[in-house]
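The values are calculated or read from the model by the stated rules, or taken from the named source; none is laboratory data. Quantities reported herein were computed from a predicted structural model and do not represent experimental measurements. Here the Cβ is made from the backbone with ideal geometry for all residues, glycine too, and neighbour counts use every protein chain on show. Just the protein is used for accessible areas: all its heavy atoms, side chains included, with ligands, DNA and RNA removed. Shrake-Rupley method; radii C 1.70, N 1.55, O 1.52, S 1.80 Å.
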Amino acid sequence: MAEMKYSKDHEWLRLEGGVATVGITDHAQTALGDVVFVELPETGRVVEAGEAVAVVESVKAASDVYAPIAGKVVAVNEALVDNPGTINTEPTGEGWFFKIELAGDLPADLMDEAAYLAFVDTL
Amino acid sequence: MTETEALLETPLASLHRELGGRMVPFAGYSMPVQYPAGILTEHLHTRAEAGLFDVSHMGQAELVGEGAAAALEALTPADVQGLKPGRQRYGLLLNAEGGIVDDFMVANSAGRLFLVVNASRKHVDLPLIAAALPAGVSLRPLPDRALLALQGPAAVAGLATLVPEVAALSFMGVWEGVWQGLPLIISRSGYTGEDGVEISVPAEAAEGFAKRLLALPGVQPAGLGARDSLRLEAGLCLYGNDIDETTSPVEAALVWSMGKRRRMAWDFPGAERIRGELDNGTKRLRVGIRPEGRQPARAHTPVHGPDGALAGEITSGGFGPSVNGPVAMGYVARDLAADGTALTLMVRGKPLAARVAPTPFHPHRYAR
């Protein structure tokens, strides 16, 4: 399985063959609470790293989801629209948000799992 | 308040930690927004069985002395003098312009008035009331009492196994007495739209009493998050969101809380404005709003009318777990206040279709 990378905005990404699958971390879904709505980007949209591309709303709050890398959105997880609770139950599996075809290099500030967990501990 | 100021704790603070409550600042207190079960589950469980809420941050006080009811009426259009012993009523404190200073509960019990006011407003309300009292009437804050809300269809049956007298109360009935050495004040009321009770208990006994309640069949702890989604589905106002010093009882659709006698005597603060609004209508009205689809529209979302003009604002909004969809309330121009009127909400800069809808969004199930 490909290595997971993490952003400071609490997204995870898994890069396989130049395409990154992106979702929010377990820490992020716990902090949000029960997810009730998700808005996904259009397939084909070209995004910058750090650009707000999706919205996730829990009972209590709304939050942006950012593209952790630059590239083109090549797939979105439409199943989340009817079952947003999957983001809580399987945040790093079936709860993925979208796939981005990487343009250029990975941003240098992406963390590996140990670094991300250490980052979360500082919050 | 600033972040450097220490948050106050309720007498149940250690119980919240023991139960895994996620603590957040609210009205100067550290309060549980949810427990490990989560807001959705806590909300649905309260509607299905019973939720136990710590509402000890709210202000409790008693008004003692001959003429206490008449004295309180100088600040509110509620009929306090007509409140029978063993009964409670909802009321509004008004300023001289008819704006809402706070909403409160008043009970006529044990020969005095027992008041419950909002946590965020007690520092305003209590001095306001104290300053309005004639000789012989005194206001006694009760900071050494906790307040627990046990809400849901299993609440009263469960509590009645401990305190049998509660079974005989009807909605807004009050029982006061000593139970196992504890002086309790129990009202059959709440903030969820469900049957249930609010229980005032001495602070030092609150944790033990709360544990007795949590041991009753079907009772689970519920936090402020579920309290908010439950009251929103029930169409109940949150002070600071849906009502404040700029909103009148007529604009807020709370005219029902004004006593009939009071509306003939017009002897309360702001009576002139309120009488004018009742005769001529207001510019805006509080209404229920149902967004289409599943996306919630939250407080401060701009509301536009069918012609595209700005027509008002959402004051409370979120996802209603029992409705299984987004629900909101807010103020709209009077000509757009009829049920079914099409509105457009600007959510994060994008138009979202919505309609004016009757409240409650989920039927009340009070023990009338």
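Here are some notes:
- For the range B:100-130, the candidate set comprises residues that are under 11 Å from the mean Cα position of the chain (by Cα) and part of a strand (DSSP E or B); within that set, the residue that is nearest to B:Val255 (Cα to Cα) is B:Asp103.
- Test set (1) surrounded by fewer than 21 Cβ atoms within 10 Å (Cβ to Cβ); (2) at negative phi - B:Ile129 fails condition number: (1)
- Any hit, the range B:24-46, residues being open to solvent by 40 Å² or more (accessible area, probe 1.4 Å) and of a type in the set (D, E, K, R): no
- Inter-residue pairs, beta-carbon under 7 Å, first within 20 Å of B:Asp79 (Cα to Cα) and in the range B:235-257, second modelled with pLDDT under 95 and open to solvent by 10 Å² or more (accessible area, probe 1.4 Å), 6+ apart: none
- Pairs linking a residue in the range B:33-61 that is within 14 Å of chain A (Cβ to nearest Cβ) and in contact (Cβ under 8 Å) with a residue 40 or more places away in the chain to a residue that is open to solvent by 20 Å² or more (accessible area, probe 1.4 Å) and part of a helix (DSSP H, G or I), with Cβ atoms under 7 Å and 6 or more positions apart or on different chains, are B:Val33/B:Leu224.
- Pick from the range B:262-302, criterion basic (Lys, Arg) and within 14 Å of chain A (Cβ to nearest Cβ), ranking: nearest to B:Asp228 (Cα to Cα): B:Arg298
- Of the strands (runs of 3 or more DSSP E) entirely within the range B:135-235, those holding at least 2 residues that are over 30 Å from A:Ala31 (Cβ atoms) occupy B:138-141, B:174-179, B:182-187, B:196-202.
- Cβ separations smaller than 7 Å between residues 6+ apart or across chains give the following pairs from the range A:17-42 residues that are within 9 Å of chain B (Cβ to nearest Cβ) and assigned to a loop (DSSP other than H, G, I, E, B) to residues that are crowded, with 19+ Cβ neighbours inside 10 Å and aliphatic (A, V, I, L, M): A:Gly33/A:Val59; A:Gly33/B:Ile39; A:Asp34/A:Val59; A:Asp34/B:Ile39; A:Asp34/B:Leu40.
- Test: residue in the range B:260-279 that is within 30 Å of B:Arg188 (Cα to Cα), of a type in the set (Gly, Ala, Ser) and open to solvent by less than 60 Å² (accessible area, probe 1.4 Å): no
- Within the range B:94-112, tally of residues that are surrounded by 23 or more Cβ atoms within 10 Å (Cβ to Cβ) and either free of Cβ contacts under 8 Å to residues at least 60 places away in the same chain or not assigned by TED's automatic domain parsing to the domain that holds B:Gly67 (or both): 2
- Scanning the range B:194-223 for residues that are open to solvent by less than 20 Å² (accessible area, probe 1.4 Å), touching a Pro at 6+ places or on another chain (Cβ under 6 Å) and more than 14 Å from every other protein chain (Cβ to nearest Cβ) yields one hit, B:Ala206.
- Filtering the range A:51-60 to residues that are open to solvent by less than 30 Å² (accessible area, probe 1.4 Å) and outside any strand (DSSP E or B) leaves only A:Val59.
- Only a single item in (1) more than 14 Å from chain A (Cβ to nearest Cβ); (2) within 25 Å of the chain's Cα centre (by Cα); (3) assigned to a strand (DSSP E or B) is not met by B:Ala354, and it is number (2).
- Test: residue in the range B:183-191 that is charged (D, E, K, R) and crowded, with 23+ Cβ neighbours inside 10 Å: yes
- So A:Thr92, is it closer than 22 Å to A:Thr30 by Cα, β-branched (Val, Ile, Thr) and open to solvent by less than 60 Å² (accessible area, probe 1.4 Å): yes
- Residues of the range B:224-244 classified as among the acidic types (Asp, Glu) and either open to solvent by 10 Å² or more (accessible area, probe 1.4 Å) or in contact with a helix residue (DSSP H, G or I) (Cβ under 6 Å, 6 or more places away or on another chain) (or both), total: 2
- Pairs meeting the criteria (first residue in the range B:339-356 and in contact (Cβ under 8 Å) with a residue 60 or more places away in the chain and on the phi < 0 side of the Ramachandran plot, second residue crowded, with 18+ Cβ neighbours inside 10 Å and among the small types (Gly, Ala, Ser), beta carbons under 8 Å, at least 6 apart or on different chains) are B:Leu352/B:Ala297; B:Ala354/B:Ala297; B:Ala354/B:Ala328; B:Val356/B:Gly288; B:Val356/B:Ala337.
- Filter result (open to solvent by 10 Å² or more (accessible area, probe 1.4 Å) and either touching a residue at least 60 places away in the same chain (Cβ under 8 Å) or farther than 16 Å from A:Lys5 by Cα (or both)) within the range A:69-83: A:Lys72, A:Val74, A:Ala75, A:Val76, A:Asn77, A:Glu78, A:Ala79, A:Val81, A:Asp82, A:Asn83
- Residue in the range B:303-322 that is farthest from the other protein chains (Cβ to nearest Cβ), counting only those that are under 25 Å from the mean Cα position of the chain (by Cα) and either of a type in the set (Lys, Arg) or open to solvent by 30 Å² or more (accessible area, probe 1.4 Å) (or both): B:Glu313
- Which listed residue is hydroxyl-bearing (Ser, Thr, Tyr) and either more than 24 Å from B:Ala297 (Cα to Cα) or open to solvent by 50 Å² or more (accessible area, probe 1.4 Å) (or both), from A:Ser7, A:Ser63: A:Ser7
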